[in-house]
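For reference, the structure discussed in these notes is given below.
Each reported figure results from applying straightforward, stated rules to the coordinates on display, with no laboratory input. Every value quoted in this text rests on a predicted model; they were computed, and no experiment measured them. For neighbour counting, all protein chains shown are included, and Cβ atoms are generated from backbone atoms with ideal geometry for every residue, glycine included.
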Amino acid sequence: MAETLAEEKMMVVDGVTKDFSGLKAINNVSLTMGRGKIFGLVGPNGAGKTTLFNVLTGFLKPDRGEIYYKSAKITRSRPDKVVRMGIGRTFQNVRIFPGLTALDHIMIGYQNQIGETALGGMFRWWKASEKVNREKALTLLDTVGLSDRADDFAEDLSYPEQKILTLSRLVATGADFLLIDEPTSGLDPASFKKMIGFIREQVDRHGKTVCVVEHDLDLIREICDWIFFLHHGELIASGTIKDIICREDLAEIYFGKEHLVR
Ligand SMILES: Nc1ncnc2c1ncn2[C@@H]1O[C@H](COP(=O)(O)OP(=O)(O)OP(=O)(O)O)[C@@H](O)[C@H]1O
Ligand SMILES: [Mg+2]
């Protein structure tokens with residue numbers, strides 16, 4: 001199994017395979033992710049990164065292998081159960097709720113805080129009251145620089161603002177383990193900086209664990225503690241950025257010789 005900085009194992013993937021009509025989108029992948037680190041999942045288009053996210057979050061059932069979260073087997077758990085266990089995700093394409101404001105989005109996150117049964121959640125929501133959630137949501141929007149957009153419909157926000165909003169909503173759910181698919185694609189440099197600062201803060205200040213899929217080598221370099229390299233559904237390398245960027249074979253497959261550090 002790929003060795004990681006896994007002092008306390010959060011997620012263990014053991015021999016997972018996902019087949020789409022003969023195409024092995026994920027092929028016998030085993031890896032471990034430890035608490036409080038940022039893991040990068042990299043590889044060329046079609047490598048199987050999003051498929052692996054879908055398998056880890058219950059959106060797809062693997063054909064073979066097992067997945068454990070905090071030692072509990074979650075291999076065939078439904079997405080709602082996976083979410084209740086503290087695993088949250090964002091999607092490669094921004095998903096927002098049209099007709100709801102930026103503030104509504106964050107408040108929904110707080111109202112759906114994890115670690116609750118449906119009934120418990122409703123009770124908690126009633127107890128906590130809208131006012132408390134509203135204050136928390138406004139504070140979070142302020143942290144990410146969106147307080148002046150609080151009352152705007154999410155669909156009227158710019159693309160970078162929508163991206164940071166969807167990640168903020170995920171944070172508001174209280175998830176412990178954040179799976180983030182391409183957080184900085186299409187972002188301008190200022191939004192890029194804001195995004196990586198926000199992700200880093202979730203780990204350094206709030207003790208979250210993050211697995212991020214991203215094509216941008218700058219992001220990988222700046223924030224990932226450990227990298228998993230997928231190619232044709234197989235985990236062909238893992239290590240720190242230093243271990244990865246000195247590999248000529250990986251440069252050729254994916255990140256380009258100009259980034260190679262010998
Ligand atoms: N629902 C599906 N049905 C059939 N094939 C699929 C399905 N989802 C993904 N695939 C295929 O599985 C392979 C892996 O796709 P996946 O989306 O996981 O790649 P990726 O690494 O996320 O790529 P990208 O960097 O372009 O987002 C691809 O060949 C893709 O065409
Ligand atoms: Mg993808």
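General remarks:
- Restricting the stretch 1-110 to trypsin sites (Lys or Arg not before Pro) in coil, as DSSP defines it, with at most 16 other Cβ within 10 Å: LYS70, ARG76, ARG95
- Cα-Cα pairs of the stretch 216-262 separated by more than 14 Å (percent): 46
- Of the GluC sites (Glu not before Pro) in the stretch 1-92, the ones in a loop by DSSP (not H, G, I, E or B) with at most 12 other beta carbons within 10 Å are GLU3, GLU7, GLU8.
- With helices as the sole contributors, the chain gives -11000 deg cm²/dmol at 222 nm; each DSSP H run of n ≥ 4 counts as -39500 (n - 2.57), and the sum is divided by every residue.
- Sorting CYS246, CYS211, CYS224 from the fewest to the most surrounding beta carbons within 10 angstrom yields CYS246, CYS224, CYS211.
- Anchor LYS18: aspartates and glutamates whose Cα lies under 12 Å away (excluding residues fewer than 8 positions away in-chain): ASP63, GLU66, GLU234
- Loop trypsin sites (Lys or Arg not before Pro), the stretch 151-218 (other Cβ atoms within 10 Å of the site Cβ: 13 or fewer; DSSP): ARG205
- Annotation: Cα Rg of the chain relative to the compact-globule expectation 2.2 N^0.38 Å equals 1.01.
- The stretch between TYR159 and SER71 holds 27.9 nm of extra length on full extension. This uses 0.36 nm per residue minus the Cα-Cα distance.
- GNM remark for the chain: springs join alpha carbons under 10 Å apart, and the peak mean-square fluctuation among HIS206, HIS105, HIS231 falls on HIS206.
- Spin-label zone in the stretch 238-253 - amide nitrogen under 17 Å from a point set 7 Å from the Cα of ASN28 along the C-beta vector: 238
- Sorted by Cβ neighbour density within 10 Å, fewest at the top, the residues ILE74, ILE244: ILE74, ILE244
- Zone of GLN113's modelled label, taken as backbone nitrogen in the stretch 146-164 under 19 Å from a point 7 Å along Cα→Cβ: none
- Look at the alpha carbon pairs under 8 Å that are at least 6 residues apart: their mean separation over the length of the stretch 9-259 gives a relative contact order of 27 percent.
- Cβ-Cβ FRET estimate between SER21 and ASP148, R0 fixed at 41 Å, reported to 0.05: 0.25
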